[in-house]
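The values are calculated or read from the model by the stated rules, or taken from the named source; none is laboratory data. Since the model is a prediction, treat every value here as computed from it, not as a measurement. Note: ideal-geometry Cβ built from the backbone for every residue, glycine included; neighbour counts use all protein chains shown.
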Amino acid sequence: MGKLIYLIGPSGSGKDSLLQAARATLDARGCRIVQRVITRSAEAVGEDAEAVTPEQFDRREAEGAFAMSWRANGLAYGIPKQIDDWLAAGHDVLVNGSRAYLPQARQRYPDMLAILLTVDSQVLRQRLLARGRETVEEIEARLARNAQFQASANPEGEGGSARLHILDNSDHFEQTVENLLNLIGASRACA
Ligand SMILES: Nc1ncnc2c1ncn2[C@@H]1O[C@H](COP(=O)(O)OP(=O)(O)O)[C@@H](O)[C@H]1O
Ligand SMILES: O=P(O)(O)OC[C@H]1O[C@H](OP(=O)(O)OP(=O)(O)O)[C@H](O)[C@@H]1O
């Protein structure tokens, strides 16, 4: 069995950029990155996800097409079932996950490597504004969601944080890419 690597962090922390930057190296190591299914308009800048309507999403979910799925930020996100075939074939699989869904993900994939990408909150605001994908109201809602996560207890309970690897992306992007690859290498995933 391969290992699931579950990358989480606030919207705008750089998850998608990191996955894109690390993709070729990871691919060469046999580690797969799955394309998400999202009810976001196909024209939206950024992540290369499959865009579907809410009705299409619900139908696929009901048909069991997703290994994991959640709703946040007014959107629905699905991780295709294909990842289970990849894991069974021995590939490690990196997914762009959700903090709120972490307990369910951990339950389904107990051996997974969970990585939390963090960014200084002022920097996060600037990056979301610069990305320009959401309205100012939507950006404020994402920042409020992040503040809530920071204020609340660790979702995995006492001692849970020991199993969550922190990766900071407040500064140089290339350094974060290197740190991510080192973290994954150290866990012997994608070796
Ligand atoms: N280390 C960094 N320095 C400067 N800009 C960054 C850095 N990391 C990511 N960005 C930029 O921040 C924005 C948000 O990144 P993105 O990958 O879309 O985040 P997420 O997928 O977590 O929502 C993008 O415009 C991206 O180019
Ligand atoms: O529970 P949370 O950790 O807040 O995560 C909720 C969702 O938001 C993030 O998506 P993304 O970064 O693509 O957000 P965006 O849709 O605002 O870009 C993350 O990948 C989850 O799909």
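Restricting Pro155, Pro110 to those that are under 25 Å from Arg40 (Cβ atoms) and either in a loop (DSSP other than H, G, I, E, B) or modelled with pLDDT of 95 or more (or both) reduces the list to Pro155. If we scan region 93-103, do we find a residue that is modelled with pLDDT of 95 or more, within 20 Å of Leu4 (Cα to Cα), in contact with a strand residue (DSSP E or B) (Cβ under 8 Å, 6 or more places away or on another chain) and in a helix (DSSP H, G or I)? Checked region 93-103: at least one residue is modelled with pLDDT of 95 or more, within 20 Å of Leu4 (Cα to Cα), in contact with a strand residue (DSSP E or B) (Cβ under 8 Å, 6 or more places away or on another chain) and in a helix (DSSP H, G or I).
Within region 100-114, the set of residues being within 12 Å of ligand 2 (Cβ to nearest atom), touching a residue at least 40 places away in the same chain (Cβ under 8 Å) and surrounded by 19 or more Cβ atoms within 10 Å (Cβ to Cβ) comprises Leu102, Ala105, Ala114.
Every condition in (1) within 16 Å of ligand 1 (Cβ to nearest atom); (2) surrounded by fewer than 16 Cβ atoms within 10 Å (Cβ to Cβ); (3) of a type outside the set (Ser, Thr, Tyr) is met by Val119 except one, and the failing one is (2). Remark: pairs (first residue in region 1-29, over 13 Å from Leu128 (Cβ atoms); second residue hydroxyl-bearing (Ser, Thr, Tyr) and surrounded by fewer than 23 Cβ atoms within 10 Å (Cβ to Cβ); Cβ separation under 7 Å; 6+ apart in sequence or on different chains) = Leu4/Tyr109; Ile8/Ser98; Leu18/Thr176. Restricting attention to region 69-78, does a residue exist that is touching a residue at least 12 places away in the same chain (Cβ under 8 Å), within 16 Å of ligand 1 (Cβ to nearest atom), buried (at least 18 other Cβ atoms within 10 Å of the Cβ) and in a loop (DSSP other than H, G, I, E, B)? No: zero hits.
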